[in-house]
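As structure tokens, the structure follows; a few thoughts come after it.
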């Protein structure tokens, strides 16, 4: 049979046949657009959906509307939240300079994220996941927090740490890396008092005290802090003597659990955090030497040491000043780039030392914990850098861990553990002083058919998905008067959650 194009008579006989190919093409295009729209709606409903962060309860991991600032004294860049009433001017997290009037510019929108909405249909939620869920007392609202407690577990918050069924819950490496907060960095030395500060002497108060280098030689130690300071710390000694640098906190709140993101009223009277990590770049000049760091917690001093011939050592210092070796590891250091990164942390009751790609850890037992004679609220943890031989250190940074507040909470306090039932989850915000979460929720959850849920829990039915990627953050404006439309590729990042990888 031979097919022919419709003639004028055929089009009359068969009215569904169109005479215009243009009209036919337009209809086909609309068909495809309709199908694409339906697929997009299905994908959004069941697979991945985009959300915008409304508040700063998850800062600095995820930011709501905020101002992006750069300190006029030390040059440190930081963000200041715009989702609450601003009563006081922003304060630099590094040098504690209060920014002058007019330093706050254009308000940036909150981070935009992708949420995997189907993942929990195939796998169980993991501790430390960042989850989106319906607000139990008001299911019309969407909340985002970090998952802390799982069904059937007993939750307790002690001294800023999470305890599950009486055992400390340690964070995976990638989560921990995102939660470290810098309290000092060698690359941001404070400049002299500026004219802005001179006009603000009464308000600045002790923040205007002289701030030279935060590390100083201890006793007869001979670190050279002047020839290349503040860019490097140099030791050039032939003898095997150990030379020490002691950290002098540049501000009384250096180790307190404050957030530059929050209004300074929210930072008042916060506890001291002694879960710390120190990190620096080591440039050994000879194999006959070493570089190390000392971190003190609960009155006990711990040392992580890198011997340049190829050995990592974890030590505990006794009250008499002697050292007890806890663990050691021999390896072949890769110094092809002229140096190597060194990290030493005391976090979640675990000592961890990293040197390049090598890792050594030691879990502290209950006897290594709190010294009951120590007043933790007034005692800054001791931090030192140790060295011998010939070595140069650069990019020295000191970081503190997240500290979950609990003393004023309704539940999960040290004296009041919270027991989760089946299909109940416990969540907390990363910005602990400024997060309304499972610790404080007073209202009963509201479900379908007048079903009610206990205050303080997120029922399984209310979990919407897992946040996994920030696809838009701190975009650039072509001009100050224009919308931010140029993507900031440096701020695109994965949101890390629960995993089996240890810090």
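A short reminder: the numbers here are calculations on the coordinates, not readings from a lab. Just so it is clear, the structure is predicted and the values come from calculations on it, not from any experiment. Heads up, the Cβs are rebuilt from the backbone with ideal geometry, glycines too, and the neighbour counts pull from every protein chain shown.
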### Query
Can you list, bin by bin at 5 Å, the percent of alpha carbon pairs in segment 348-503, starting at 0?
1, 5, 8, 11, 13, 14, 13, 12, 9, 6, 3, 1, 0, 0, 0
### Query
If all Cα-Cα distances of segment 310-359 are sorted into 5 Å bins from 0 onward, what percent lands in each bin, rounded to whole numbers?
5, 16, 25, 22, 16, 10, 4, 1
### Message
If packing is taken as the average count of other Cβ atoms within 10 Å, what order do 298-306, 91-99 fall into, highest mean first?
### Response
91-99, 298-306
### Task
Enumerate the whole-percent occupancy of each 5 Å bin, from 0 to the last occupied one, for all C-alpha pair distances of segment 279-337.
4, 16, 26, 23, 15, 10, 4, 1
### Query
What ranking of 392, 146, 460, 400 emerges when the number of other C-beta atoms within 10 Å of each C-beta is taken as an exposure proxy, fewest first?
460, 392, 400, 146
### Burial order of peptide ranges 136-144, 352-360, 320-328 (average beta-carbon count within 10 Å, highest first)
352-360, 136-144, 320-328
### Query
Of the listed peptides 338-344, 476-482, 414-420, what is their order by residue-averaged count of other C-beta atoms within 10 Å, with the highest listed first?
338-344, 414-420, 476-482
## Note on the structure
Final fewest-first order of 503, 265 on the 10 Å Cβ neighbour count is 265, 503
### Query
Using the count of nearby Cβ atoms within 10 Å as a rough guide to exposure, how do 280, 309 rank from fewest to most?
309, 280
